[in-house]
1. For segment 48-94, what are Rg and Dmax over the alpha carbons, in angstrom?
2. Normalise the Cα radius of gyration of segment 106-202 by 2.2 N^0.38 Å (N = residues in it) and let me know the number.
3. Using label points projected 7 Å from each Cα along Cα→Cβ, tell me how many nm separate LYS96 and TYR55, to one decimal.
4. Among the listed pairs LYS89/LYS146; LYS89/LYS273; LYS146/LYS275, give every one whose C-alpha distance is greater than 30 Å.
5. So what is the accessible area of segment 95-232 per residue, in Å², with the probe set to 1.4 Å?
6. Work out from phi, with θ = phi - 60° and the Karplus expression 6.51 cos²θ - 1.76 cosθ + 1.60, the ³J(HN,Hα) of each residue of segment 168-185, listed in order in whole Hz, and give x for Gly and Pro.
7. If amide H atoms are built 1.01 Å from N in the plane of the peptide, which residues on other chains or at least 5 residues away come under 5 Å of the amide H of GLY255?
8. So, by mean Cβ neighbours within 10 angstrom, what's the order for 112-120, 240-248 with the highest one leading?
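The values are calculated or read from the model by the stated rules, or taken from the named source; none is laboratory data. The structure presented is a predicted model; accordingly, all values stated were derived computationally and were not measured. When we count neighbours, we look across all protein chains shown, and the Cβ atoms used for this are built from the backbone with ideal geometry, even at glycine. The accessibility values were calculated without ligands, DNA or RNA, using every heavy atom of the protein model including side chains. Shrake-Rupley method; radii C 1.70, N 1.55, O 1.52, S 1.80 Å.
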Amino acid sequence: MSAVALTRRVFGQQISNFVGLTVSVLSQAPRRYKWKLVKLPEPGTGIAFRRIVHYKDEYTVEPLEVTNLAGRDPVTGRLVAKGIGGGIKHKFHWIKWIRDGPKDLNEPPKEEKVLEVFKDGCRTSFVALVGTGRELKYILATENMKPGDIIRTHQGIPRNPVRPSEGDAYPLGALPTGTPVHCVEKYPGLGGFLIHGAGTVGTIVKRDGDRVVVQMPSKKLFSLHEACMATVGRLSNIEHDSTPIGSAGKNRELGNRPRSGLWQRKTGRFGRKIKPPPRVQRVGDEKSAPPNVLVLNSCHNA
């Protein structure tokens, strides 16, 4: 065998081994360009990829630290929601949604004093600092709430409806028909779940046994249990919806990035669809048992 043939065979074998080793290493390495699915949150879940609040183990009135997500998934870092990012950094004030008070009708309501009403950068309505004894907590402020006001809370349902003042919290069954309410519980003991936006308000429409029908700001009707707590009055900052942003810089301060400009709002020039109002939605009912199916056997079913 000549020297040229021997050299060619040796170098050819080394090159083939090197290529095989490289392919095996690349196959084991993760592909960064591999497509990964990021599921978008369903509407109504409260997940907007805007911020993460670092809650503590126990409730506190100390402002909490916030990590802004800028529309990215916190696990993968992929961009999920467009048009979010930047803005002024704010700290989060922890709202105590549960308004607890005495349940015995012979006991007087729990009284709390409003100490301060201020603007929170992480929500639209104003926030009120209230206290009683050695307890301090944050609640959503009502339209006319001011420092020095006394608010009352009671969880009992008397025979006759009470005469509440603005900011008081009572069960839906204790309030008269037509009372404006907000921070309504969806289930007894859950805490204020419905009607949180600035200037919004719901209305108690009627009673049906142990159920109370409440009209939401969207004109939808919800049938809730009479033991669900609700706060009386309209939420503060009523001019929030009618106040224009004013400039592009102000919109960036709010944490909104510019859009592409391709989307245009429908003007309604060609009319709208006339739809009947939705039915009353009952919340908190137990699932009804499945109906009994009667099977008739005969020679013709074979």
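1. Taking only Cα atoms of segment 48-94, I get Rg and Dmax of 12.1, 34 Å.
2. On the way: Rg = 13.5 Å, N = 97, 2.2 N^0.38 = 12.5 Å.
Segment 106-202 yields a ratio of 1.08.
3. 1.5 nm
4. On the way: LYS89/LYS146 27 Å; LYS89/LYS273 42 Å; LYS146/LYS275 42 Å.
From the list (LYS89/LYS146; LYS89/LYS273; LYS146/LYS275), the Cα-Cα distance tops 30 Å for LYS89/LYS273; LYS146/LYS275.
5. On the way: 6530 Å² over 138 residues.
Heavy-atom SASA per residue in segment 95-232 reads 47 Å².
6. The phi angles translate into 6, 10, 9, x, 4, x, 9, 9, x, 5, x, 6, x, 9, 8, 6, 8, 6 Hz.
7. Residues meeting the criterion, in which the H sits 1.01 Å from N, are GLY87, ILE88.
8. Values: 112-120: 15.8, 240-248: 9.6.
So the order, starting with the most tightly packed, is 112-120, 240-248.
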